[in-house]
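Working notes, structure below.
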Amino acid sequence: MDKHEIKQKLGKTIARIRTEKQLTQEAVAERLGIGNEALSRIERGIVEPSITRIFELANILDCSVAELLGEASPILQD
């Protein structure tokens, strides 16, 4: 799995959890202090979020960092 695939899987996981929690991109972006388009780029796998941003997202989405990263991790899929 290459870096691009990892970013895409992470983004899809963030979007899925956000949707499950019934949060809009606008609401999450506002809490992160970023624009909607910036969050959209993360969810589409265009931009790789920093580790700090991943922790912030986990807090906002009320999930663990492991849950966010788990689906994107090639190691956990073995």
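Which residue pairs have Cβ atoms closer than 8 Å, lie 6 or more positions apart in sequence or on different chains, and pair a first residue in the stretch 40-60 that is closer than 19 Å to Asp2 by Cβ with a second residue that is part of a loop (DSSP other than H, G, I, E, B) and of a type outside the set (Asp, Glu)?
Partner pairs satisfying both residue conditions: Arg41/Val47; Ile42/Pro49.
Keeping to the stretch 32-78, report how many residues are part of a loop (DSSP other than H, G, I, E, B), open to solvent by 70 Å² or more (accessible area, probe 1.4 Å) and of a type outside the set (A, V, I, L, M). Working first, answer last.
Of the residues in the stretch 32-78, the ones part of a loop (DSSP other than H, G, I, E, B) are 33-35, 44-50, 61-64, 71-78.
Restricting the remaining residues to those that are open to solvent by 70 Å² or more (accessible area, probe 1.4 Å) gives 44, 46, 48, 62, 71, 75-78.
Applying the additional criterion that residues be of a type outside the set (A, V, I, L, M) yields 44, 48, 62, 71, 77-78.
Of the residues in the stretch 32-78, 6 are part of a loop (DSSP other than H, G, I, E, B), open to solvent by 70 Å² or more (accessible area, probe 1.4 Å) and of a type outside the set (A, V, I, L, M).
Of the residues in the stretch 9-31, how many are in a helix (DSSP H, G or I) and surrounded by fewer than 17 Cβ atoms within 10 Å (Cβ to Cβ)?
Result for the stretch 9-31: 8.
The conditions are (1) surrounded by 13 or more Cβ atoms within 10 Å (Cβ to Cβ); (2) touching a residue at least 60 places away in the same chain (Cβ under 8 Å), and Met1 fails exactly one of them. Which is it?
Result: Met1 fails condition (1) only.
The values are calculated or read from the model by the stated rules, or taken from the named source; none is laboratory data. Since the structure is predicted, the reported quantities are computational estimates derived from the model, not experimental observations. All Cβ positions, even for glycine, are placed from backbone atoms using ideal geometry, and neighbour counts span all protein chains on display. The protein model used for the area step is the full one, side chains on, heavy atoms only, and it has no ligands, DNA or RNA in it. Shrake-Rupley method; radii C 1.70, N 1.55, O 1.52, S 1.80 Å.
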